[in-house]
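Okay, structure first, notes after.
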Amino acid sequence: MARPPALKIAEVLAEIRMSPSAFYRMRARGQAPRMIKLSDGELRCRRADLDAWWENCERDSDTWR
């Protein structure tokens with residue numbers, strides 16, 4: 001079975017509708033989705049990691065309602 005492709009940072013940013021600077025601030029605070037740093041310095045995000053991050057954000061937002 002083929003492994004699903006990891007998303008490029010631009011694809012992640014487009015999906016979560018966030019600016020690069022805001023994303024990198026979140027990442028520095030440990031609040032961004034899990035990223036994989038490739039040997040050339042590029043960042044990738046597995047679909048499962050992004051989906052899990054979204055679910056966690058939704059769960060956290062429910063506690064504030």
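Accessible area of the chain with a 1.4 Å probe: how many percent of it is carbon plus sulfur?
On the chain, the fraction of accessible area on carbon and sulfur atoms equals 52 percent.
Given the peptides 35-41, 7-13, arrange them by the average over their residues of other C-beta atoms within 10 Å, most packed first.
7-13, 35-41
Starting from the chain, pick out the chymotrypsin sites (Phe, Trp or Tyr not before Pro) whose DSSP state is loop and whose Cβ has at most 15 other Cβ atoms within 10 Å.
64
With the other protein chains left in place, how much accessible area per residue, in square angstrom, belongs to the chain at a 1.4 angstrom probe?
Here the residues of the chain average 79 Å² of exposed surface.
The values are calculated or read from the model by the stated rules, or taken from the named source; none is laboratory data. All of these numbers come straight from a predicted model, not from anything done at the bench. Cβ atoms come from the backbone with ideal geometry, glycine included; neighbour counts cover every protein chain shown. What goes into the accessible areas is simple: the full protein's heavy atoms, side chains included, and nothing from ligands, DNA or RNA. Shrake-Rupley method; radii C 1.70, N 1.55, O 1.52, S 1.80 Å.
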